[in-house]
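See structure below.
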Amino acid sequence: MLGKVLKYDLKYMIKNMRVFYILSIFFAITTRILFEVEQSVIINIIGQISVGCMIAMLANILINTMTRSWVRFSSSLYKDESYLTHTLPVTKNDIYNSKLIQTFLFLFIGFVVILISLFITYYSKENWQVITNIVKNITIGLNMNTIFFVTMFLIVVFLEIFNAIQCGFYGIILGNRKNNKKIGYSVLFGFILYLVSQTIVLSLIFVYGLFDSSVMGLFQTETVSIDANAFKILLVLTSLLYVIIIYCMSMLCKRTLNKGVNVE
Amino acid sequence: MSNMKLLEIKKLNKSFDDKKILTDINLSLSSGKIVGLLGKNGAGKSTLIKLINDLLTPSSGEILVNGEKIGVESKKVISYLPERTYLNKQMKVSEVIELFKDFYQDFDEEKAIKLLKDLDLDINQSLTKMSKGMQEKVQLVLVMSRKADLYILDEPLGGVDPATRDYILDTILSNFNENASVIISTHLISDIERILDEVIFIDKGKIILQSDADKLRNKEKSSIDEIFRRMFKC
């Protein structure tokens, strides 16, 4: 039944997100065209507006992926639509897993659309050279493979946002266990959970640092230069910790959901 | 197996903080009955129905459907019509039909389309473009197009015009099989009285009367509506 629940969650998100994807690509292409044509004051102004719109759309993609995921979660588990969700012959685990997979997929799609939009807008041999040089300088300094660095950096950012969204989910679940001021409690719990998860990641890296002086160096303010090995470990360790925290929190969410709900 | 009740509720209690909503509810329901769950506003009818449908969690007590606790299996055999519009407004009627077909094996698509035509509802129309009354009709059609064991209808006549009420009651009567039961919660007693086999009166979170409808009418020598008005006179 997970597949069926997921089908409707994905349909909802596609309906709501596609406009941002289309507009983002549209403004990227428009900007690109305006950059290519002969420059004049008017073209330059329109080009700047187009760049602004494209950047706004990119921000919208991330913000809307987060907020739409929370809104969808809240409405289908605790608002009017919950009268359908909870009476469908599916387990609460399936309902939760579907929301989590939907969030993962749309966050991924969002990342891809953002990268494509930036590529369309700014790609040129010169720009590419500048970017690769910057990245190469960083990676040579850190004694790191370029692809590894870029991939790990994107993974950490992705997991960070995914964790924030799931903290919101758990906040909504806990907030709706209260009989009053459910929205307020949901926001409060979500925020606290996010801070707690960040603190756990930081604390565990610190604990690791007790056994690895290069990582401990990152916590010592008097150390100016970043140790290459420590940075590599930091990226891998942070990703790993996020995966563990995301998994543990999803188990907690499902456990709490399975205790039952009280819809409005 | 033959003695197994379709619905059995034992010592059910529900509180919100310190406020008791339902107190010590005991109820059993056999197959093939149309039961009126009757009570004033705020008596606890909807809370009881929500508990049966897993929308609320009991403070204590047990609810069994075909001998099993509320869960996936019970949801396969219960067809529930809530008192509010609960479908995703972005969907078209045809998409909602597809959703019901996906999730409920007992959903009869042909019957749903026929009932929608009878009610002059366009299958290609989006729910956002429908009035609340039309949306409620769509929901009723979906619920009654299932071959469920237990239909639970919470205020099915609340938002519809009197002319449509008779059609809805006839739809309910003609669209459930003889082995199924129907629980109808309403305060429009005179409208549904003719179809009831059993009545349950609920007041201040307690069941104060459960009786066969005909026996009660004969005993009190008046209609259920009159008995209700006498009992709950302010």
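Looking at this structure, is residue B:26 more than 22 Å from residue A:264 (Cβ to Cβ) and not hydrophobic (A, V, I, L, M, F, W, C)? When the stated conditions are applied, residue B:26 passes them. If I go through segment B:114-158 residue by residue, how many of them are among the hydroxyl-bearing types (Ser, Thr, Tyr) and farther than 24 Å from residue B:31 by Cβ? Here the count works out to 3. Residue count for segment B:14-42 under the criterion of being within 14 Å of another protein chain (Cβ to nearest Cβ) and in contact (Cβ under 8 Å) with a residue 24 or more places away in the chain: the result is 5.
Among the residues here, residue B:70 does not qualify as in contact (Cβ under 8 Å) with a residue 40 or more places away in the chain, of a type in the set (Val, Ile, Thr) and more than 7 Å from every other protein chain (Cβ to nearest Cβ). Screening B:128, B:85 for residues that are within 14 Å of another protein chain (Cβ to nearest Cβ), over 21 Å from residue B:192 (Cα atoms) and at pLDDT below 90 leaves exactly one candidate, B:85. Working only within segment A:232-264, note down all residues that are within 14 Å of chain B (Cβ to nearest Cβ) and within 16 Å of residue A:103 (Cβ to Cβ). Listed by number, the list holds a single entry, A:257.
Every listed requirement among (1) in a helix (DSSP H, G or I); (2) more than 12 Å from every other protein chain (Cβ to nearest Cβ) is met by residue B:62 save one, (1).
Counting only residues that are under 21 Å from residue B:205 (Cβ atoms) and either modelled with pLDDT of 95 or more or in contact with a Lys or Arg (Cβ under 9 Å, 6 or more places away or on another chain) (or both), segment B:59-79 holds 6 of them. Could you list, in sequence order, all residues of segment A:74-99 that are away from every other protein chain (no Cβ under 14 Å) and of a type outside the set (Lys, Arg)? Answer for segment A:74-99, where residues must be away from every other protein chain (no Cβ under 14 Å) and of a type outside the set (Lys, Arg): A:96, A:97. Just one of the listed residues (B:181, B:211) is at pLDDT 90 or above and over 16 Å from the mean Cα position of the chain (by Cα), and it is B:211. Residue selection: residue A:188 fails the criterion of being out of contact with any strand residue (DSSP E or B) (no Cβ under 9 Å at 6 or more places or on another chain) and within 14 Å of another protein chain (Cβ to nearest Cβ).
Please work out if residue A:65 is closer than 26 Å to residue A:102 by Cα, in the same structural domain as residue A:108 (by TED's automatic domain parsing) and not aromatic (Phe, Trp, Tyr). Criteria met by residue A:65.
Going through segment B:97-116 one residue at a time, which ones are touching a residue at least 40 places away in the same chain (Cβ under 8 Å) and aliphatic (A, V, I, L, M)? Residues satisfying the conditions are B:97, B:115. Would you call residue A:199 hydroxyl-bearing (Ser, Thr, Tyr), outside the structural domain of residue A:61 (by TED's automatic domain parsing) and surrounded by 13 or more Cβ atoms within 10 Å (Cβ to Cβ)? Against the criterion (hydroxyl-bearing (Ser, Thr, Tyr), outside the structural domain of residue A:61 (by TED's automatic domain parsing) and surrounded by 13 or more Cβ atoms within 10 Å (Cβ to Cβ)), residue A:199 does not qualify.
Of the residues examined, residue B:121 is one that is within 21 Å of residue B:87 (Cβ to Cβ), touching a Lys or Arg at 6+ places or on another chain (Cβ under 7 Å) and not small (Gly, Ala, Ser). Residues that are in a helix (DSSP H, G or I), crowded, with 19+ Cβ neighbours inside 10 Å, within 14 Å of another protein chain (Cβ to nearest Cβ) and not polar (S, T, N, Q) do not occur anywhere in segment A:56-66.
Selection of strands (runs of 3 or more DSSP E) fully inside segment B:90-204 by the criterion of at least 1 residues being of a type in the set (D, E, K, R) and buried (at least 17 other Cβ atoms within 10 Å of the Cβ) returns B:150-154, B:198-203. Every residue in segment A:190-218 that is under 19 Å from the mean Cα position of the chain (by Cα) and either hydrophobic (A, V, I, L, M, F, W, C) or outside any helix (DSSP H, G or I) (or both), please. A:191, A:192, A:193, A:195, A:196, A:200, A:201, A:202, listed by residue number. Taking residue B:48, is it within 14 Å of the chain's Cα centre (by Cα), more than 7 Å from every other protein chain (Cβ to nearest Cβ) and under 29 Å from residue A:14 (Cα atoms)? Here the answer is no, as residue B:48 does not meet what is asked.
The values are calculated or read from the model by the stated rules, or taken from the named source; none is laboratory data. Note that the coordinates shown come from a computational prediction; the quantities given were computed from them, not determined experimentally. Neighbour counts are summed over all protein chains in view; Cβ atoms, including those assigned to glycine, are modelled from backbone coordinates with ideal geometry.
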